[in-house]
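Accompanying notes for the structure given below.
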Amino acid sequence: MATMTLLYPCQYIDSSEYIFKCDLCQCLFSSSSRFCPIKLPINCMNESHIEIIRFKLHDMTRSSIQSKTQLELHHFNDNISTLEDICTIKKYSQLTFFNSIVSNLPECFSMISSIYFVQSIIHQNTFSSEILIFYNSTIDFLDFNLTSTKHLILHSVQFSHKPFQLKSLEILTHLTITNTEDFYLLGSYPHLSYLNFDHTKLTDKHLNKIFAQTTIPDLTTLILSNNHLTSLTHRFPSTIRYLDLSKNQIKSLDYYSFKSLYSLNILNLTYNSPLEIQQDTFTRIPYLEILDLSYTYPTLPFEDLFLPLQKLRHLNISSNYLDILPHLPIPHDAHTIESYDQHLPVLYVDLSNNNFDKIDFEIFSTSSTQDKYILSLNMNSNHIKTLQFSSILFNDTKRRGPFIELDLTNNSLECDCDLYESISQLLQNNSSFQKQSAGNRTYLR
């Protein structure tokens, strides 16, 4: 308790002593502590929204890099000379400055693994923390000098010197720059595997320049969502496995769009509309497992577009005004399954919120009886009124096609002769039919 009095206005804000908070604006109400400076903070801001910011920071960093013992310094400025006293309280793993001006951090803070700056002005450019985050702050230096930093996040940052240049951060593994403008990357990033440029007003010219003047040999995740990209003429690093291009202004894709991305596993193109996709667009990315084309409003029919993607496991083509089913790929391992007792490969296709009024099941039949897999179709919120199944679906000895899982939720089915006959056929094949009690989901076995 004596220590708490000595360091007033510092106190734990939770019963588990998880966050130790020092707010110099509390000195306005008491002068009993030598920790309170003679010169008070310039601006004591209302921090009623502080819990929301804590939540956002937690969401940005995820639980994997969340610290356990936190020190929060509110309304600090360059005239504070007693910060060393705080280091004697506990060994902290996270330090956060709120509404502060920071020029020189005490030596005792250099061992803290995570340092955050929130709504602050930062003049110091040298850091040794493993995790470094700037949130809604102003950076007032020319470049970074990072000795041990692996995770660097800049969100809603203003730069005093524009354009701000990040140069050869060789230790960095994760770089996130979001809701921020006027920056460039230069040099070598030999260990960088994650790069996020969401909401940075990135253009084709800007992106081409970044990849032309940087070396990023280990990049596997690239997020470019919510930008101003219009084409895919960029020479992406060939190591990329996850590419997010959602909510840009891309209008067309062809054979050359993904020419350097042979190892790509996940591709997000949602909300690029209207989008013209040539039939040979995906032939150069055969290892794709997840593809999202929702809300792209394609100007050309899909037809055989997806057939080269035999590694595909999840295809989202929802909300596209589709009324014709595309040909779907057969999983590459479907023919290796010897018995239906084995774990079958699954292809999930989201066709919800389209304009389908019928389903042509013949399109799913194959020429081989050796292909054994499950096709899960989400037909939620379409205009389907009846069903007419192919007889081949009920022949267990000569089946040519997948087992089909069909979700018909939010479709106005009408009890006509076709639907009655289809249900009768299903009921006559009890061993091959199950119906889930909740919703309109049917399994054709």
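A compact table of results
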quantity	calculated
Förster-model FRET efficiency, 30 Å R0, residue 333 and residue 360, C-beta, rounded to 0.05	0.70
For residue 183, distant residues with modelled amide H under 5 Å away	164
Mean Cα-pair separation over length for region 114-201, i.e. relative contact order, pairs under 8 Å, 6 or more apart, %	23
Entries of 56/90; 68/91; 21/68; 358/385 with Cα pairs more than 19 Å apart	56/90
Integer Hz, Karplus 6.51/-1.76/1.60 couplings in order for region 239-248, x for Gly and Pro	7, 5, 10, 10, 10, 10, 10, 5, 6, 10
Accessible surface of region 102-232 [probe 1.4 Å, protein heavy atoms]: carbon and sulfur percent	47
Under 19 Å from the Cα of residue 259 - lysines, other chains or at least 8 residues apart	205, 209, 251, 311
In order through region 322-337: 3J(HN,Hα) via Karplus (6.51 cos²θ - 1.76 cosθ + 1.60), integer Hz, x for Gly, Pro	6, 9, 10, 6, x, 6, 10, x, 8, x, 4, 9, 5, 7, 8, 6
3J(HN,Hα) from dihedral phi, region 124-129, Karplus parametrisation 6.51/-1.76/1.60, rounded to Hz, x for glycine, proline	7, 10, 9, 9, 10, 6
For residue 384, distant residues with modelled amide H under 5 Å away	412
Per-pair calculated FRET efficiency, R0 = 51 Å: residue 228 and residue 370 via Cβ, rounded to 0.05	0.60
Stokes-Einstein D in µm²/s, Kirkwood radius over Cα pairs - region 278-375 at 20 °C with 1.002 mPa s viscosity	150
Whole-Å distance, taken between Cα centres, linking region 116-145 and region 260-282	36
Cα gyration tensor shape for region 124-259, rounded if a/c is under 1.5, else prolate or oblate	prolate
Sites residue 344 and residue 266, calculated FRET efficiency, Cβ-Cβ separation with R0 22 Å, nearest 0.05	0.50
Rounded D (µm²/s) - region 176-242, Kirkwood Rh over Cα pairs, Stokes-Einstein at 37 °C, 0.692 mPa s	271
Amide H partners (placed H, <5 Å) of residue 252, local residues excluded	276
Accessible solvent surface per residue of region 131-249, calculated while the other protein chains remain in place, 1.4 angstrom probe, Å²	40
Region 135-210 shape via C-alpha gyration tensor axes, a/c threshold 1.5	rounded
Region 224-297 - percent relative contact order, Cα under 8 Å, separation 6 or more	31
Region 243-310, dipole about Cα centre (Lys/Arg Cβ +1, Asp/Glu Cβ -1), debye to the nearest 20	220
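The values are calculated or read from the model by the stated rules, or taken from the named source; none is laboratory data. Only a predicted model underlies this, so the values are computations on that prediction, with no experimental measurement involved. Using ideal geometry, Cβ is built from the backbone for each residue, glycine included, and neighbour counts are taken over all protein chains shown. Only protein heavy atoms, including side chains, enter the accessible area calculation; ligands, DNA and RNA are left aside. Shrake-Rupley method; radii C 1.70, N 1.55, O 1.52, S 1.80 Å.
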